[in-house]
Amino acid sequence: MQQRPTNLSPERIKYLRHDNGWSQELLAKASGLSLRTIQRAEKEGNSSLETQQAIAAALNVKQEELYAVSPTPNVNWKRTNMMQSFIALLVVAGAILMLFILGGELKNFSDFYGGLFLALFMYACTAVAFGPHGLMKSIRGLRYLFASEISPGPASDYLSLIFKKQITFLYGGALIALVTGSVAIHSHYDEMDNNTSLHTAYAVNLLVLLYGAIIAEAILRPLAIKLESRKLK
C-alpha cells in the first residue's frame, strides 16, 4: 500500500530556502523540480512524496523538517492517567512531609525568602536562556505532571530541555544563596550570643539547598524524563 504523503509546511520551506539564500528559481534548479511545483509547495503545502524528498535533498535536511511542527506536546488527557499521576505526586509529597516531621518541627524547615529567591533566580535564568516564550512554556508545562501519555516530538523534547536546564539553574541559585548566607553569618559572628544562634543560622542557610533539591528531583527531573523522546532498543 502506497504511503500517503504528509502536507509540507509552507513556512518551513520558505524559512529553509531563505536560510540558504536561495530564490524559488534556485531551489527549483537544485531540486530538479519545476518552478511551478516549488511555488505550489510554498503556497499550499500539497506535494507528492517524490517532491518532498527532492526538496529535502536540495536543502540538505531531513524530510520531517519540512513538515509543520506542533508548538505544544501531544498529550492524551485521560481521567484515569491524571488520577494516577496525582496519586504519585501525593505519595512524593507525603514522603517529603514525613522527612520534615522526623527532622523536627515543621517551622524549622520554613524559609519563605530562600524559596522565593530560588524561584525568581530559576525563572530569570530561564527567560535569559530561552526568552519570554520559553519562560511561559516552562510555567504552562508544569501541568504535564498530571499526564502520563505524552507523544514524543520536537515540542516535548524542547520542553524537556528547558526543565533540564532549570535543574542546573536551581542548583546554581542554591549555591549562590549558600555562599551569600555563609558570608552574612561570618560577617555578624561577633553579634551572635552563643553557639546555638550560630547553628540555627547555618541550619536556615542550608534550607535553600534543600528546597532546590526537592524542586529539582521531585518535580523538574521527573517532568523532563516524562517529556523526552524514548525508544526501546
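The values are calculated or read from the model by the stated rules, or taken from the named source; none is laboratory data. Nothing here was measured: the structure is a model prediction, and the numbers come from that model. In this analysis, Cβ positions are derived from the backbone assuming ideal geometry, glycine residues included, and neighbour counts consider all displayed protein chains. The accessibility values were calculated without ligands, DNA or RNA, using every heavy atom of the protein model including side chains. Shrake-Rupley method; radii C 1.70, N 1.55, O 1.52, S 1.80 Å.
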Taking the stretch 199-213 and keeping only residues that are more than 19 Å from Gln166 (Cα to Cα), among the aliphatic types (A, V, I, L, M) and open to solvent by less than 60 Å² (accessible area, probe 1.4 Å), one is left with Ala201, Ala203
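Please pick out the residue among Phe130, Phe117 that is under 16 Å from Leu207 (Cβ atoms), touching a residue at least 12 places away in the same chain (Cβ under 8 Å), assigned to a helix (DSSP H, G or I) and open to solvent by 40 Å² or more (accessible area, probe 1.4 Å).
Sole residue among the options that is under 16 Å from Leu207 (Cβ atoms), touching a residue at least 12 places away in the same chain (Cβ under 8 Å), assigned to a helix (DSSP H, G or I) and open to solvent by 40 Å² or more (accessible area, probe 1.4 Å): Phe117.
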Which number in (1) surrounded by 16 or more Cβ atoms within 10 Å (Cβ to Cβ); (2) without any contact (Cβ under 8 Å) to a residue 40 or more places away in the chain; (3) within 27 Å of Ala155 (Cβ to Cβ) marks the one condition that Arg17 misses? (2)
In the stretch 140-156, which residues are under 9 Å from the mean Cα position of the chain (by Cα) and either surrounded by fewer than 15 Cβ atoms within 10 Å (Cβ to Cβ) or modelled with pLDDT of 85 or more (or both)? Gly141
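Residues are listed down the side, and each one gets a yes or a no for (1) closer than 15 Å to Val61 by Cβ; (2) in contact with a His (Cβ under 9 Å, 6 or more places away or on another chain); (3) surrounded by 14 or more Cβ atoms within 10 Å (Cβ to Cβ); (4) at pLDDT 80 or above:
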{"site": "Asn7", "(1), (2), (3), (4)": "no, no, yes, no"}
{"site": "Ala28", "(1), (2), (3), (4)": "no, no, yes, yes"}
{"site": "Ser34", "(1), (2), (3), (4)": "no, no, no, yes"}
{"site": "Thr37", "(1), (2), (3), (4)": "no, no, yes, yes"}
{"site": "Glu44", "(1), (2), (3), (4)": "no, no, no, no"}
Please go through the stretch 159-193 and pick out each residue that is open to solvent by 70 Å² or more (accessible area, probe 1.4 Å), of a type in the set (A, V, I, L, M, F, W, C) and either within 16 Å of Ala218 (Cα to Cα) or modelled with pLDDT under 90 (or both). Val183
